[in-house]
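These notes are about the structure you will find just below.
Every number here is computed from the coordinates shown, using simple stated rules; none is lab data. In this text, all values refer to a predicted model and were calculated from it rather than measured experimentally. In this analysis, Cβ positions are derived from the backbone assuming ideal geometry, glycine residues included, and neighbour counts consider all displayed protein chains.
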Amino acid sequence: EAQVTQNPRYLITVTGKKLTVTCSQNMNHEYMSWYRQDPGLGLRQIYYSMNVEVTDKGDVPEGYKVSRKEKRNFPLILESPSPNQTSLYFCASRSLAGGQADTQYFGPGTRLTVL
Amino acid sequence: ILNVEQSPQSLHVQEGDSTNFTCSFPSSNFYALHWYRWETAKSPEALFVMTLNGDEKKKGRISATLNTKEGYSYLYIKGSQPEDSATYLCAFYGSARQLTFGSGTQLTVLP
């Protein structure tokens, strides 16, 4: 089954404790992306990657890091989480082969609370 | 940052009513307009991808139109059912090859 998986699904942590949210896709998609969703603000892009070893900042990259060492994985790293990073996070992937017509597939979401 | 706006922000309709909502986006550097359906506690799922001015797409009771010259798309739901309750997101795909999402229209269909 084609899917995007994220782990963990729920996480409560404390300020300053480094954490990683994993994301994996099994569709051989070139493009992967991380979003955060906050009430009234919609989906805002944090980072994206067009291919292995190619990453770039989205609209709200501050406080986050990513890496793309393998095509299927795109972890999101919070080196020193702060309460304003409490949010719902989505990983997504899509093929770049079809250009604008390719739909994006989303993971199930990770609910992060930073105390 | 591109401006993609959706209206209304939320909507309550009675079962059986037809409804529609709007997505406004930049009319320049347009490549495609995506619509997604996002149910509570689930992840967004693609409904339509629209690329040509005048495009009309249909999936069951849901349809969408596209006007790239004036920068808007309408999503229509005919005979709304409680299972249509969800947030409907549009996303603009431009020359930067990124999807910029609107903040969504939250639809609640009352039985």
Excluding residues on the same chain fewer than 8 positions from B:K59, give the aspartates and glutamates whose Cα lies under 19 Å from its Cα. A:D102, B:E15, B:D17, B:E39, B:E45, B:E83, B:D84
B:R61-B:T40 pseudo-label distance in nm [points 7 Å out on the Cα-to-Cβ vector]: 1.9 nm
Length released on extending from B:R97 to B:N29, taking residue separation times 0.36 nm less the Cα-Cα span: 23.5 nm
Relative contact order as a percentage, chain B, C-alpha pairs under 8 Å and 6+ apart, gives 37 percent
For the residue pair A:N84 and A:K69, what label-to-label distance in nm results when each label sits 7 Å from Cα along the Cα-to-beta-carbon direction? 3.1 nm
Please give every one of the lysines within straight-line cross-link reach of A:K57, meaning a C-alpha to C-alpha distance under 29 Å, and leave out same-chain neighbours fewer than 8 residues apart. A:K17, A:K18, A:K65, A:K69, A:K71, B:K42
When chain B is reduced to its Cα atoms, the Kirkwood hydrodynamic radius in Å: 13.9 Å
Run the simple label-point estimate for A:I77 and B:E83 please: 7 Å along Cα→C-beta, distance reported in nm. 4.4 nm
Using a 7 Å offset from Cα along Cα-Cβ at B:T108, what residues in the stretch A:27-41 end up with backbone N under 20 Å from the label point? A:38-41
How large are Rg and Dmax for chain A when calculated on the C-alpha trace, in angstrom? 13.5, 42
Quick one: the Cα spread of the protein assembly as shown along its three principal axes, in angstroms, biggest first? 49, 38, 34
